[in-house]
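First the structure, in the form of structure tokens, and then the observations on it.
The values are calculated or read from the model by the stated rules, or taken from the named source; none is laboratory data. Quantities reported herein were computed from a predicted structural model and do not represent experimental measurements. Ideal geometry is used to build each Cβ from the backbone, glycine not excepted, and the neighbour counts take in all protein chains shown. We work out accessible area using only protein heavy atoms, side chains counted, and drop any ligands, DNA or RNA first. Shrake-Rupley method; radii C 1.70, N 1.55, O 1.52, S 1.80 Å.
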Amino acid sequence: MRRSPPPKSPSRAWIWLLSGAAIWAVLLGVGVLLVPGWARSWAHGRLVDGLSRRLEQPVAIDAVELGLDHIVVTGVSVGSGEQPLVRLEVVRVRLDPSAWWEGQVRVIGLVIDGGRVDGTRTDLAELAALGGGTRRPAADDHGATGDPQTGRVRLALEQVIARDVWLAVRDDADGPNAGPVRHLELRATAAIDPERWSGDVELADVRIQPRGAPLVTARRLLAHIDTERTAEGLRPTFPVRVQLTGVGAPVTPQIAVSGVDGWVELSDTALTEIAVDLAGGFSDRAEQDGDVRLWSLAGRVRRDLSAGSLRLDMAEFELGRVPEVLGGLPLVDSERATVGGQLAVVFGGGIARVEGEVSLVGINVDHPMLARDPVRDIGFELGFSAEIDPAAHRLDIDRAVFERRGITLELEAALLHPPERRHRRYRTHARIPRVPCQDVLDAIPAGFIPSLQGFVLDGEFDLDVRFEADFADLDRLVLDGAVGIGNCKATAVPTHASTERLRSGFTHRVTMRDGRQRSVQLFPYSGSFTALQQISPYMVQAVLTTEDGGFWRHRGFLPSQFRTAMQRNLAAGKVRLGASTITMQMVKNVLLSHERTLSRKFQELFLTWWVETALGKDRIMEVYLNVIEFGPGVYGVTRAASHYFGKTPDALTPPEAAYLALMLPSPVRRHVHYCRGAPSASMKVKLARILSIMHERKRLSDDDYALWRDVELVFDGSDRDSEGACLGEIDALLAAQGGQRALSGLLGDGSSPAREEAPEDLPTALPEREDGAAEPVKRPRMQWAPSDADPADADAPGRPAMDGELPPDGETW
């Protein structure tokens, strides 16, 4: 009988399968019984060891809890030191229990509750690269930390949640490698669908410190992000809309937008196009919440400005509604002031077309560049349209119309301002249509022109001024037009500027920079006044040469001098040359002050017109020479001639007159020559140059020039103490913080009487001849052209101040 063959041995696969099932069954049974014991310790060690090798950083874990369907890890720290790079409070891993029968640990969920990621940009980037799988696993990783879809651990995530995880990143790079953000801090919460790699992300308590810019904050940013798989990996799908709540960002160093709500939509990672719909308020800092909606911004624009439009609307509101902003501005008592307006921008071809209207009413400005005291009731209506080309550094203002109390100022401009100065070009045109002169004066805030209060004007004013400058050829600079102040006539004048006061004797009082006061009595025989006919004609010719060559011809202003000064200042890139005529200097010293404010300059221009209208040229020159400062506390030519040379003004020689004229640009600093007993070498060069120019311009005869050009200047030292004391006075005055001003002028302290009384036994005016002209007490040795002569026959063309034509001082002490 035939026997049956023996049974075949089972295959190796089945053996391994059955063996594995048996082993997992045993492990499962033992695990269920012993999890509270050895398993947690084993898991703790495996996690610490695996993560440390993978992240190449010390890893610490406070505790591990194991279950059939979960793992809970508490207190995960990555990094050493008091502040680890990563600290996660609780990590909950949800497991699929059925995978145990397949010999796998299948992770189907991950929740992170609380934690902080804190480090430099470089450290965190390296850590992310290691943790993200860009490093090939080591051979002894045993598959536990390798490909998440192979080995004993398999990721089949259905949901990933992170709650309240703080992220703080500091940029540690310098130079070209530095990023745009210096510091970033935020609290993140996210719910992610790993199958689609999409989810909702919320960033709260955001603080971004851009490099070289003020802080940007946000209470909350919320976005839903979808992704798509590309050859480079996962990438977000666009557009992405970000909901904003409580955003704050700086506008200027003093003002920020705050409490901004709305949304921003991004077209792609390069931000090729951005759409916005935002509304917010104002504050003094970005992190300040704003609960008042004062403005809105809506529209869409491409980053290259090739297309798009934006509209900004700002409802008219009182500044008192934003006290934080109000407190940071140079304003006083402006809670009831209002501001509002709208702005529309259309983009195309890289150019922005802007149109808008702004209304500002009732602000009170307190700023040292504007005026010494607060200027109240500033307000205007502004309508404008302009075109901006950022790539070309070009701004074209087609129309800008300022309106205030019926006065309209129209402005057009074309400004090309590239980084290279030689390529810059400016063109402006300003005009005020014909309007009553008094209306113009009334439209200017009283605090801006305090010295002009009391003037009443008749006639009509207009303005039409053009300015053009091409830095490639500044010799062709254009500054011309017409300022119609000459059509105005003063029918009433404040007392201190009255013709009667300025023509007759008065006491000029001044406070110096250190608070000391000096006075000059402009009365005949007072001892501090010298009539023009008694002043050396060399002195007059010297100041004409250094200060104002066109004095006898102009009406207070010398447009050519303004043009030359502007041309030289633009070429130098700073204010190097002034354009003040002798009349303007007389007005500044007698009626105003030396403060450097727009208010003082504007009043100086107006009062220069008035003085030229009210006084003759002889009287203007006479007052000027008797009040101008020639040294520390040395006011007027009478005191100067005595102080420096022990003489009366009529005896001044050409070198002495030239020296006094050279003191005028800097009378305190240049007093150093007197302190040292003789002019320095550089001052001697200037003196020689002045005498030469006086001779060239026919202000010094051939004989006088030949006689005096080589004569050494000798000081009279009767007034000089020790050299150290003399230099110490200069240092003290230069260090003083006060400003020099005329106490008896229109911007004085208010204590001056309406009418100056002459000292006892002194006449109040010069004796008069039969023809009504002032009778000189003593005839001068040389006459210059009288006021009724043709000035063109007596004077060379006007020239700017001499500082630009002479070597620099070069003295220090």
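Any chance the stretch 415-431 includes a residue that's of a type in the set (D, E), within 23 Å of the chain's Cα centre (by Cα) and open to solvent by 20 Å² or more (accessible area, probe 1.4 Å)?
yes
Which one of the conditions (1) surrounded by fewer than 16 Cβ atoms within 10 Å (Cβ to Cβ); (2) touching a residue at least 24 places away in the same chain (Cβ under 8 Å); (3) of a type outside the set (A, V, I, L, M, F, W, C) does E403 fail to meet, given that it meets all the rest?
Against the list (1) surrounded by fewer than 16 Cβ atoms within 10 Å (Cβ to Cβ); (2) touching a residue at least 24 places away in the same chain (Cβ under 8 Å); (3) of a type outside the set (A, V, I, L, M, F, W, C), E403 comes up short only on (2).
Can you tell me how many residues within the stretch 363-392 are open to solvent by 40 Å² or more (accessible area, probe 1.4 Å) and closer than 21 Å to L343 by Cα?
Summing the residues that are open to solvent by 40 Å² or more (accessible area, probe 1.4 Å) and closer than 21 Å to L343 by Cα in the stretch 363-392 gives 6.
What residue, of R376, R372, R353, R422, is in a loop (DSSP other than H, G, I, E, B) and over 26 Å from A482 (Cβ atoms)?
R372
Among the residues of the stretch 492-531, write down those that are among the polar types (S, T, N, Q), within 19 Å of P632 (Cα to Cα) and in a loop (DSSP other than H, G, I, E, B).
Matches in the stretch 492-531: S528 only.
Specify the residue that is surrounded by the most Cβ atoms within 10 Å (Cβ to Cβ); the eligible residues are those in the stretch 295-329 that are at pLDDT below 90 and in a loop (DSSP other than H, G, I, E, B).
Going through the qualifying residues, I end up with V322.
Just to check your reading of the model, which residue among H44, H70 is under 30 Å from V165 (Cα atoms), modelled with pLDDT under 75, open to solvent by 40 Å² or more (accessible area, probe 1.4 Å) and not small (G, A, S)?
H44
From the set of residues in the stretch 631-642 that are in a helix (DSSP H, G or I) and open to solvent by 10 Å² or more (accessible area, probe 1.4 Å), which is nearest to Q533 (Cα to Cα)?
T638
I want to confirm something. Restricting to the stretch 260-290 and keeping residues that are outside any loop (DSSP other than H, G, I, E, B) and at pLDDT below 90, which single residue is surrounded by the most Cβ atoms within 10 Å (Cβ to Cβ)?
F282
If M621 satisfies all but one of (1) open to solvent by 30 Å² or more (accessible area, probe 1.4 Å); (2) in contact (Cβ under 8 Å) with a residue 12 or more places away in the chain; (3) part of a helix (DSSP H, G or I), what's the number of the condition it fails?
The failed condition is (1).
Suppose the filter is closer than 24 Å to E729 by Cα and buried (at least 22 other Cβ atoms within 10 Å of the Cβ); does P679 pass it?
Criteria met by P679.
Kindly indicate whether any position in the stretch 80-93 is touching a Pro at 6+ places or on another chain (Cβ under 9 Å) and open to solvent by 40 Å² or more (accessible area, probe 1.4 Å).
Yes: one or more hits.
For L591, indicate whether it is over 30 Å from L687 (Cα atoms), within 41 Å of the chain's Cα centre (by Cα), crowded, with 22+ Cβ neighbours inside 10 Å and not basic (K, R).
yes
Being farther than 15 Å from S519 by Cα, of a type in the set (S, T, Y) and open to solvent by 30 Å² or more (accessible area, probe 1.4 Å) is true for just one of T608, T597, T613, T581. Which residue is that?
After applying the criteria, what remains is T613.
Tally time: how many residues in the stretch 45-73 are among the aliphatic types (A, V, I, L, M) and more than 19 Å from L130 (Cβ to Cβ)?
Within the stretch 45-73, residues that are among the aliphatic types (A, V, I, L, M) and more than 19 Å from L130 (Cβ to Cβ) number 6.
Would you check if D473 is modelled with pLDDT of 90 or more, surrounded by 14 or more Cβ atoms within 10 Å (Cβ to Cβ) and under 32 Å from the mean Cα position of the chain (by Cα)?
Spelling it out, it is not the case that D473 is modelled with pLDDT of 90 or more, surrounded by 14 or more Cβ atoms within 10 Å (Cβ to Cβ) and under 32 Å from the mean Cα position of the chain (by Cα).
Could you list, in sequence order, all residues of the stretch 701-749 that are open to solvent by 30 Å² or more (accessible area, probe 1.4 Å), modelled with pLDDT under 85 and in a loop (DSSP other than H, G, I, E, B)?
Those that are open to solvent by 30 Å² or more (accessible area, probe 1.4 Å), modelled with pLDDT under 85 and in a loop (DSSP other than H, G, I, E, B): D721, Q737, G738, G739, L746, D749.
Exactly one of (1) of a type outside the set (S, T, N, Q); (2) without any contact (Cβ under 8 Å) to a residue 40 or more places away in the chain; (3) open to solvent by 40 Å² or more (accessible area, probe 1.4 Å) is unmet by D333. Its number?
It fails just one condition, (2).
Can you pull out the residues in the stretch 500-516 that are touching a residue at least 60 places away in the same chain (Cβ under 8 Å) and open to solvent by 40 Å² or more (accessible area, probe 1.4 Å)?
Scanning the stretch 500-516 gives R503, R509, R513, D514, G515, R516.
Looking only at residues in the stretch 280-314 that are under 26 Å from the mean Cα position of the chain (by Cα) and among the small types (G, A, S), which one is nearest to E185 (Cα to Cα)?
My answer is A286.
Hey, can you tell me all the residues within the stretch 467-491 that are of a type outside the set (A, V, I, L, M), assigned to a strand (DSSP E or B) and over 23 Å from R568 (Cα atoms)?
K489, T491
From the list A139, A125, A156, pick out the single residue that is open to solvent by 50 Å² or more (accessible area, probe 1.4 Å), among the hydrophobic types (A, V, I, L, M, F, W, C), at pLDDT below 90 and more than 56 Å from the chain's Cα centre (by Cα).
On inspection, the qualifying residue turns out to be A139.
Of the residues that sit in the stretch 652-675 and are in contact with a Leu (Cβ under 8 Å, 6 or more places away or on another chain) and assigned to a loop (DSSP other than H, G, I, E, B), which one is surrounded by the fewest Cβ atoms within 10 Å (Cβ to Cβ)?
This residue is V668.
Do we find that I397 is among the hydrophobic types (A, V, I, L, M, F, W, C), touching a residue at least 60 places away in the same chain (Cβ under 8 Å) and in a strand (DSSP E or B) in this structure?
no
I'm told H496 meets every condition in (1) without any contact (Cβ under 8 Å) to a residue 12 or more places away in the chain; (2) closer than 23 Å to H594 by Cβ except one. Can you identify the failing condition by its number?
(1)
Identify all residues within the stretch 336-375 that are acidic (D, E), within 22 Å of L598 (Cβ to Cβ) and free of Cβ contacts under 8 Å to residues at least 60 places away in the same chain; write none if there are none.
D366
What are the residues in the stretch 356-369 that are of a type in the set (A, V, I, L, M, F, W, C) and part of a strand (DSSP E or B), if any?
Answer for the stretch 356-369, where residues must be of a type in the set (A, V, I, L, M, F, W, C) and part of a strand (DSSP E or B): V358, L360, V361, I363, V365.
Examine the stretch 538-547 for a residue that is modelled with pLDDT of 75 or more and closer than 21 Å to G481 by Cα, and state whether such a residue exists.
No, the stretch 538-547 has no match at all.
Out of all the residues in the stretch 544-557, is one or more among the hydroxyl-bearing types (S, T, Y), in contact with a helix residue (DSSP H, G or I) (Cβ under 8 Å, 6 or more places away or on another chain) and open to solvent by less than 40 Å² (accessible area, probe 1.4 Å)?
Taking every residue of the stretch 544-557 in turn, at least one turns out to be among the hydroxyl-bearing types (S, T, Y), in contact with a helix residue (DSSP H, G or I) (Cβ under 8 Å, 6 or more places away or on another chain) and open to solvent by less than 40 Å² (accessible area, probe 1.4 Å).
Testing D389 on (1) farther than 28 Å from E460 by Cα; (2) touching a residue at least 60 places away in the same chain (Cβ under 8 Å), one condition comes back false. Which one is that?
Result: D389 fails condition (2) only.
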